[in-house]
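Quick notes on the structure that follows.
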Amino acid sequence: MTQEAELIKVAPAPNGLPQTLPTKPERRLPSSDISISEAVVEDLPRIVEGLYASWPPQSWEKNEPLALRPPTEAIRHERFVRRLRPSFRYPRIRWIVAKHIPTGEIIGCAAWTAPGNPVHNFFRKTAVDFYGWRDQYNCSDEEFDEVWSGVNMENWDGGFARNDDVRKDLLGDEPHWYLVFLYTFPEWQGRGVGKLLLNWAIDQADATDPVTPMYLESAPSARGVYMHCGFVPQGEHNFLRRGPAIVRELKAEEGKEDAKAAPVNIEAVGAN
Ligand SMILES: CC(C)(COP(=O)(O)OP(=O)(O)OC[C@H]1O[C@@H](n2cnc3c(N)ncnc32)[C@H](O)[C@@H]1OP(=O)(O)O)[C@@H](O)C(=O)NCCC(=O)NCCS
């Protein structure tokens, strides 16, 4: 049984979400119960279900304000599926799912962009033109507008665009793995699933010579997971990994209201 990781203490998240904690050995799912594989487009409804279930409703209200919501949740989910579907045909966008083998259920998901992909988050509406996907929606302009009508563009595209600018400043054109999102369904969290989804790309990044950099933006509550996996804080909420490293907090930030990753009481040392 894998040992329990050493606790990395990070500041409480401003939205009140508890920090992730090291996975308890007795809670860990046996590796024979989990498969990690590339998703198929038919998995999208379940993937979208997980996106809505794994982040708090308040964070969705910012991006999909209640006043703009369609009449039913089913329509809301279907629209999100349609917005994401074209990305499944794009080879540098990699959708990875964790399945619980005994039930066949998808219990977690990660979306990665592979090295060489340009810095433009495919969740943005502007990705439709950037990646040339408009005709894949296979619908009229009115329907297309409807698919996006529940989204607050300033928050959604604006937020992703700001993150893209920061990433571009840091990495320029250097090829890198980018974690678009990662989640484990709430009822399956803390059982080793997220780490396996990260390892899918980490193993590939570390297998090149030199190692391929990896980049992500982290929710405040998940920073312990990424630091445990060797990602080093760069700024407010962005993290960079250049091969295996031990990253640990030297001084706890307990009691701080501000959960920014900026105070870098972090040591990145050697290789694991
Ligand atoms: C973040 C999230 C994906 C983690 O998934 P999970 O399946 O619960 O994670 P795991 O059980 O695999 O744990 C991840 C690893 O980080 C380690 N870890 C987690 N918190 C840690 C901490 N504070 N200190 C040290 N290690 C920590 C675990 O021990 C495990 O490593 P190990 O397998 O080597 O022991 C999950 O909590 C989630 O979906 N949260 C909601 C959505 C979200 O915030 N996503 C991330 C947005 S950037």
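The values are calculated or read from the model by the stated rules, or taken from the named source; none is laboratory data. Predicted model, so just to flag it, every value in this text is computed and none were measured. Here Cβ is always computed from backbone atoms with ideal geometry, including for glycine, and neighbour counts include all displayed protein chains.
Select from the range 239-249 the residues that are in a strand (DSSP E or B) and either out of contact with any strand residue (DSSP E or B) (no Cβ under 7 Å at 6 or more places or on another chain) or in contact (Cβ under 8 Å) with a residue 60 or more places away in the chain (or both) and list them in ascending order. Please lay out each step first, then the result.
In the first step, residues of the range 239-249 are kept if they are in a strand (DSSP E or B); the result is 239-241, 246-249.
Answer for the range 239-249, where residues must be in a strand (DSSP E or B) and either out of contact with any strand residue (DSSP E or B) (no Cβ under 7 Å at 6 or more places or on another chain) or in contact (Cβ under 8 Å) with a residue 60 or more places away in the chain (or both): LEU240, VAL247, ARG248, GLU249.
Anything in the range 171-181 that is buried (at least 19 other Cβ atoms within 10 Å of the Cβ) and either at pLDDT below 95 or more than 16 Å from the ligand (Cβ to nearest atom) (or both)? List them, or say none.
HIS176
Name the residue, out of GLY235, GLY190, that is surrounded by fewer than 22 Cβ atoms within 10 Å (Cβ to Cβ), at positive phi and not charged (D, E, K, R).
Within the list GLY235, GLY190, the selection yields GLY190.
Mind listing whichever residues of the range 32-66 are within 12 Å of the ligand (Cβ to nearest atom) and either closer than 10 Å to VAL81 by Cβ or in contact (Cβ under 8 Å) with a residue 40 or more places away in the chain (or both)?
Passing the criteria: ILE34, ILE36, GLY50, LEU51, ALA53, SER54, TRP55, PRO56, SER59.
Here is a check on your reading of the model: is ALA161 in contact with a Ser or Thr (Cβ under 6 Å, 6 or more places away or on another chain), among the small types (Gly, Ala, Ser) and more than 19 Å from LEU51 (Cβ to Cβ)?
On the way: in contact with a Ser or Thr (Cβ under 6 Å, 6 or more places away or on another chain): no; among the small types (Gly, Ala, Ser): yes; more than 19 Å from LEU51 (Cβ to Cβ): yes.
Here the answer is no, as ALA161 does not meet what is asked.
Any residue that is modelled with pLDDT of 95 or more, in contact with a Lys or Arg (Cβ under 6 Å, 6 or more places away or on another chain) and more than 14 Å from the ligand (Cβ to nearest atom) - is there at least one of those in the range 182-201?
no
Inspect the range 152-170 for any residue being farther than 29 Å from SER31 by Cα, more than 9 Å from the ligand (Cβ to nearest atom), in contact with a Leu (Cβ under 9 Å, 6 or more places away or on another chain) and not aliphatic (A, V, I, L, M) and give the result as yes or no. If you could, list the steps in order and put the result at the bottom.
Taking the range 152-170 and keeping what is farther than 29 Å from SER31 by Cα, we get 152-170.
Next cut, more than 9 Å from the ligand (Cβ to nearest atom) only: 152-170.
Within this subset, residues satisfying the condition of being in contact with a Leu (Cβ under 9 Å, 6 or more places away or on another chain) are 152, 170.
The next check asks that each one be not aliphatic (A, V, I, L, M); those that pass are 152.
Yes, some residue in the range 152-170 is farther than 29 Å from SER31 by Cα, more than 9 Å from the ligand (Cβ to nearest atom), in contact with a Leu (Cβ under 9 Å, 6 or more places away or on another chain) and not aliphatic (A, V, I, L, M).
Just the residues that are touching a residue at least 12 places away in the same chain (Cβ under 8 Å) and more than 11 Å from the ligand (Cβ to nearest atom), please, taken from the range 1-25.
If the condition is that a residue be touching a residue at least 12 places away in the same chain (Cβ under 8 Å) and more than 11 Å from the ligand (Cβ to nearest atom), then ALA11, PRO12, PRO14 are the ones that fit.
Being more than 14 Å from the ligand (Cβ to nearest atom) and touching a helix residue (DSSP H, G or I) at 6+ places or on another chain (Cβ under 9 Å) is the requirement here; does PRO86 meet it?
yes
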